[in-house]
1. Would you mention how many residues in segment 130-139 are surrounded by 19 or more Cβ atoms within 10 Å (Cβ to Cβ) and touching a helix residue (DSSP H, G or I) at 6+ places or on another chain (Cβ under 7 Å)?
2. Condition check: at pLDDT below 95 and small (G, A, S). Does G63 satisfy that?
3. Name every residue in segment 142-192 that is of a type in the set (A, V, I, L, M), more than 16 Å from A69 (Cβ to Cβ) and either in a loop (DSSP other than H, G, I, E, B) or touching an Asp or Glu at 6+ places or on another chain (Cβ under 9 Å) (or both), in order of residue number.
4. Could you say whether any residue in segment 193-214 is of a type in the set (D, E), farther than 30 Å from D153 by Cα and part of a loop (DSSP other than H, G, I, E, B)?
5. Kindly indicate whether any position in segment 188-200 is in contact (Cβ under 8 Å) with a residue 12 or more places away in the chain, under 24 Å from T82 (Cβ atoms) and touching a Leu at 6+ places or on another chain (Cβ under 8 Å).
6. Pairs under 6 Å by beta carbon, first residue hydroxyl-bearing (S, T, Y) in segment 11-39, partner surrounded by fewer than 16 Cβ atoms within 10 Å (Cβ to Cβ), six or more apart or different chains?
7. Yes or no: L60 among the aliphatic types (A, V, I, L, M), in contact with a helix residue (DSSP H, G or I) (Cβ under 8 Å, 6 or more places away or on another chain) and either assigned by TED's automatic domain parsing to the domain that holds S140 or farther than 30 Å from V238 by Cα (or both)?
8. Assess whether V238 counts as being assigned to a loop (DSSP other than H, G, I, E, B), in contact (Cβ under 8 Å) with a residue 60 or more places away in the chain, surrounded by 14 or more Cβ atoms within 10 Å (Cβ to Cβ) and not assigned by TED's automatic domain parsing to the domain that holds R34.
Amino acid sequence: MPFELARCADLVRAQDGENAALTLERLASLTDQRQLIHYVFVEDQVDGKSHIWGAGFTVLVGGEVARPAMAGHVDRLIDWLTQPRTAGRDAVLGPAGQATARRGGDLHAVVLGFAIDPNPDCPRQQVHSLAQRAFLHAHSGYGLRSLIGEVDDSLRRADDYRASLVAMGCRAAPRREGSSTQVYFLSAAEMAQRPYHVLQPVFRDAEPVLRLSPAQRLQAELALLGYDDDEIAKLTDVTRDTVSKRWAHLFHAVDKHLPGQLWPSSAQVIRGPAKRRPLLNYLDVNVQELRP
């Protein structure tokens, strides 16, 4: 899904300084390979322009990366994972790799960072509130085995970020001697002992029922984000007719795998939003249906 990468990179640089690992080149590379989980807060303004108030970024990796990182054996993890043409960059998973790791119960998330516009006009409290909900939605449904963050002492936000990770109950990995970075993490095993933790949905593992295609998953997720059919057609570079056909296939998947559960058997007379709403409500709760 396209978004203003350059403006997001500017936000990261304004927050973290010139040492920020998330450059425009690195974000673009991850996006092109469909390896970036991202959420961006955009406000449409009265002059027809838009303003980005905040953005967050995550990548998914397998256990062969996550376990050494949590043991403190990987220095500058985020830099290693995002720098083009390196072994670390090759370890970041795209949709196919995510699906394989998920089936094997060995999928892990590395949070690359989150930035908020430092402008005094920024509605920071609102952005923080939205960010919490967006983070949960963006990371749920994968059945993660761990959630990893890295604090880099050379960045401006290091102390605040470390404090927030500790407040969430993250455990600190051993710090390598002389290193300016330290990994903090939550594991699924530990979270099993914290049934009321706010991040429980991130670690919950549930099998998808509808077996949607990648195109169907993308269309449903865009609809959940509030895009109408014309906007979905433009964003996915297909015709309006194709969007309608994909809705028909989505409804057929529900009738096949969840007969009578989302709408009554007479639902063939229900059309448009009245038929979509129960489906979108179901997907909003069962996010695993939207994951590879």
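The values are calculated or read from the model by the stated rules, or taken from the named source; none is laboratory data. Owing to the predicted nature of the structure, the values given are computational and were not obtained by experimental measurement. A quick note on method: Cβ atoms are made from the backbone with ideal geometry, for glycine too, and the neighbour counts reach across all protein chains shown.
1. 1
2. Criteria not met by G63.
3. L155, A158, M168, A192
4. Yes, some residue in segment 193-214 is of a type in the set (D, E), farther than 30 Å from D153 by Cα and part of a loop (DSSP other than H, G, I, E, B).
5. For segment 188-200, residues in contact (Cβ under 8 Å) with a residue 12 or more places away in the chain, under 24 Å from T82 (Cβ atoms) and touching a Leu at 6+ places or on another chain (Cβ under 8 Å): present.
6. Listed by first residue and then by second, the contacts come to S29/P84.
7. Answer is yes for this residue.
8. no
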